[in-house]
1. Top mean-square fluctuation among L121, L91, L65, Gaussian network model of the chain, C-alpha springs under 10 Å?
2. Would you mind telling me the antiparallel percentage of the DSSP bridges in the chain, rounded to 5?
3. Applying the Karplus parametrisation 6.51 cos²θ - 1.76 cosθ + 1.60 with θ = phi - 60° to the phi angles of segment 47-56, what ³J(HN,Hα) value in whole Hz is obtained for each residue in order, glycine and proline being reported as x?
4. Rg/Rh for segment 1-104: what does it come to with C-alpha atoms and Rh from Kirkwood?
5. For the chain, what is the charge dipole size about the Cα centre, in debye to the nearest 20, if Lys and Arg each add +1 at the Cβ and Asp and Glu each add -1 at the Cβ?
6. Quick one: angle between helix 77-90 and the longest Cα principal axis of the chain, in degrees between 0 and 90, rounded to 10, please.
7. Can you compute the helix-only [θ] at 222 nm over the chain? Use -39500 (n - 2.57) per DSSP H run of at least 4 residues, normalise by all residues, nearest 500 deg cm²/dmol.
8. In degrees, nearest 10, range 0 to 90: what is the angle between the Cα axis of helix 133-142 and the longest Cα principal axis of the chain?
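The values are calculated or read from the model by the stated rules, or taken from the named source; none is laboratory data. As the structure is a prediction and not an experimental result, all values here were calculated from the model. Here the Cβ positions follow ideal geometry from the backbone for every residue, glycine too, while neighbour counts run over all protein chains shown. When the accessible area is computed, the model is the full protein with side chains, heavy atoms only, and any ligands, DNA or RNA have been set aside. Shrake-Rupley method; radii C 1.70, N 1.55, O 1.52, S 1.80 Å.
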Amino acid sequence: VGSIRRYCGVDVDDRAIEWGRRHLSGRDPSFEFLALDVANERYRPDGAAIGEGFRFPFPDAAFDLIYMSGVAPHLVAEELTVYFREFRRLLSERGGVYLTAFLEEDVPPMTINPPDYLGGLWSGPRNCIRYEAFFFRSLLEEAGFQIESYLHAGGMFGQSLIAARRC
């Protein structure tokens, strides 16, 4: 992986956290993994609800980069708003966030399991949450981010790639 000062992996999936601890933390103590007990219909239905008072268990300005790949497609807009607000708190002054999401133009602001989207058979709780691109961008901007790079459908499964900086 290379040399980094600190890596904190956070996930609602206990299996992913255990894998990281077993295969990475044991080799390099700068790799930490934390199971997040928040509700998600798909991955942790019995977790705690994400509300306005939610905070990630890290101090202010603790990170230079937040990487969130494959998470936004399972979060509703209200949860993204809370996450983005927290990301701004957690990032250093010019810190950045890299994330992926299903974004399209000329669609409703948010659609859960859109029929026939990208040829996928989206079923089950929150298998695919697609956002209208301008609406998604406005969530980031309202949380205090400026989008620096955007690639439509450039990621896995047709997700868009977004890089934004705290402003």
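1. Checking each option, the largest mean-square fluctuation is seen for L121.
2. 55 percent
3. Per-residue couplings from phi come out as x, 6, 5, 8, x, 4, x, 5, 9, 5 Hz.
4. Looking at segment 1-104, the ratio lands at 0.95.
5. Working: 18 positive and 24 negative charges, 120 e Å.
Here the chain has a charge dipole of around 580 debye.
6. 30 degrees
7. Values: 3 runs with 31 residues, N = 167.
Dividing the helical sum by the residues of the chain leaves -5500 deg cm²/dmol.
8. 40 degrees
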